[in-house]
Amino acid sequence: MDLFLKGARTDNAFVLGDHHQFKDATSSIPHSVRKKRAEDVAVADFNGDTRPDVWLVTKMNRMGKGGRDVLMLNTGTDFIDVSRESNVSRHGFSSRNATAGDFDNDGDIDVYEVNSDFGSEHIVGNLPNVLWENVGNSMTKIADQDLSVPKFIPRIGPGCAPSQDNGLGFSVAMGEFNGDGVLDLLVANGARDGKRNPEVVFTRGTYDLFLGIDHSPNAWLMVDLEGTTSNNEGIGAIVHATVNNKTYLRTADHGVHEKTQDDPRLHFGFGPLDPGDRISLEIRWPSGLRQVIDGVAPDQVLKVVETSHKNSK
Ligand SMILES: [Ca+2]
Ligand SMILES: [Ca+2]
Ligand SMILES: [Ca+2]
Ligand SMILES: [Ca+2]
């Protein structure tokens, strides 16, 4: 398993796992990004090429400026900053925490951010949260490479899990709480602004539970991993789901991000499938075992126990 380490008082770092050792690969991330102070990091395959990419979540400074996030795409050898091309850096929010998932089950990864400000000179108070909707890729030439770059549009307001009037937004945990296959969000509020603006007291700060609603016929699949030779929860496993000649990547990172943890259950969205379409799953376990399961029906929670045998469901 590889690690992206966000710096608090030091630069960001990237290390590659290599047979129980780690080797510094910070040189593979752009110079301009190494010193970028991030509040949270979301790792997912945002452009659908089965290589995990990195989204850095940032807040505004005390002057109410900045807060522009960074999206880096993984080329296989290094990371390329596509924040401008993907529309991500065109909008500045003061974001504290974020999570990435396919919230509309259409097959691409979206991002949800919890926004608030803890005491700039110009903005004090809560801010609406934002749902960055992935609206698809276009081929773009950047740094002499032809890249498939996703475009994101920030959605704010009713229907976008706004949570703007419930104390200072603090963190978000993603899970699928009601069994409909559409991802849901639990937002924690109530962070205090004690030091810089002690006169600002937020007494509400309860939780928000946002249930995702999707009236489309989009198909989904959720996967629970149980390691036997590997660790019990399969942490570090790489899972590919293939259907209709398209392959989707999820990594079993246990949902850990800043201050909180998403449901470790893996969630896939596929867009609409035809009746009879079946999914092929490939699990690369941390033990080195590779397991293939063919004929998986969509719209179910599938438990996979680590084994070296090929099986079908
Ligand atoms: Ca990617
Ligand atoms: Ca999506
Ligand atoms: Ca989309
Ligand atoms: Ca749900």
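The values are calculated or read from the model by the stated rules, or taken from the named source; none is laboratory data. No experiment lies behind these values; they were computed from the predicted model shown. All Cβ positions, even for glycine, are placed from backbone atoms using ideal geometry, and neighbour counts span all protein chains on display.
Structure notes:
- Residue list for region 243-258, filter: more than 16 Å from the chain's Cα centre (by Cα) and crowded, with 16+ Cβ neighbours inside 10 Å: VAL243
- Selection within region 167-194 - part of a loop (DSSP other than H, G, I, E, B), within 26 Å of PRO298 (Cα to Cα) and touching a strand residue (DSSP E or B) at 6+ places or on another chain (Cβ under 8 Å): GLU176, PHE177, ASN178, GLY181, VAL182, LEU183
- For region 106-138, filtered to residues that are of a type in the set (Gly, Ala, Ser), surrounded by fewer than 23 Cβ atoms within 10 Å (Cβ to Cβ) and away from ligand 3 (no atom under 16 Å from the Cβ), the residue that is modelled with the lowest pLDDT is SER120.
- Members of region 13-65 that are of a type in the set (D, E, K, R), within 16 Å of ligand 2 (Cβ to nearest atom) and touching a residue at least 60 places away in the same chain (Cβ under 8 Å): ASP45, ASP49
- Residue pairs meeting the criteria (Cβ under 8 Å; at least 6 apart or on separate chains; first at positive phi, in region 269-291; second within 16 Å of ligand 3 (Cβ to nearest atom)): GLY271/ASN105; GLY271/ASP106; GLY271/GLY107; GLY271/ASN218; GLY271/ALA219
- Among the residues making up region 140-164, a single one is at positive phi and of a type in the set (S, T, N, Q): SER163.
- Qualifying positions in region 211-237 - part of a loop (DSSP other than H, G, I, E, B), surrounded by 16 or more Cβ atoms within 10 Å (Cβ to Cβ) and not aliphatic (A, V, I, L, M): GLY212, ASP214, ASN218, GLY227, SER230, ASN231, GLY234, GLY236
- Any hit, region 156-165, residues being surrounded by 17 or more Cβ atoms within 10 Å (Cβ to Cβ), modelled with pLDDT of 90 or more and within 30 Å of ASP78 (Cβ to Cβ): no
Conditions (1) under 19 Å from TRP55 (Cα atoms); (2) more than 16 Å from ligand 4 (Cβ to nearest atom), marked per residue:
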position: ARG90; (1), (2): yes, yes
position: SER95; (1), (2): yes, yes
position: PHE103; (1), (2): yes, no
position: ASP108; (1), (2): yes, yes
position: GLU113; (1), (2): yes, yes
position: SER138; (1), (2): yes, yes
position: ALA173; (1), (2): yes, no
position: PHE177; (1), (2): no, no
position: VAL182; (1), (2): no, no
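- Here PHE103 does not qualify as under 21 Å from LYS65 (Cα atoms) and either more than 19 Å from the chain's Cα centre (by Cα) or at pLDDT 95 or above (or both).
- Condition met for LYS6 (surrounded by fewer than 16 Cβ atoms within 10 Å (Cβ to Cβ) and under 26 Å from SER171 (Cα atoms)): no
- Just one of the listed residues (ARG84, ARG68) is under 29 Å from ASP24 (Cβ atoms) and over 18 Å from the mean Cα position of the chain (by Cα), namely ARG84.
- Of the criteria (1) under 30 Å from TYR207 (Cβ atoms); (2) more than 16 Å from ligand 1 (Cβ to nearest atom), which one ASP108 fails: (2)
- Selected residue (criterion: surrounded by the fewest Cβ atoms within 10 Å (Cβ to Cβ)) from residues of region 42-79 that are polar (S, T, N, Q) and part of a loop (DSSP other than H, G, I, E, B): THR77
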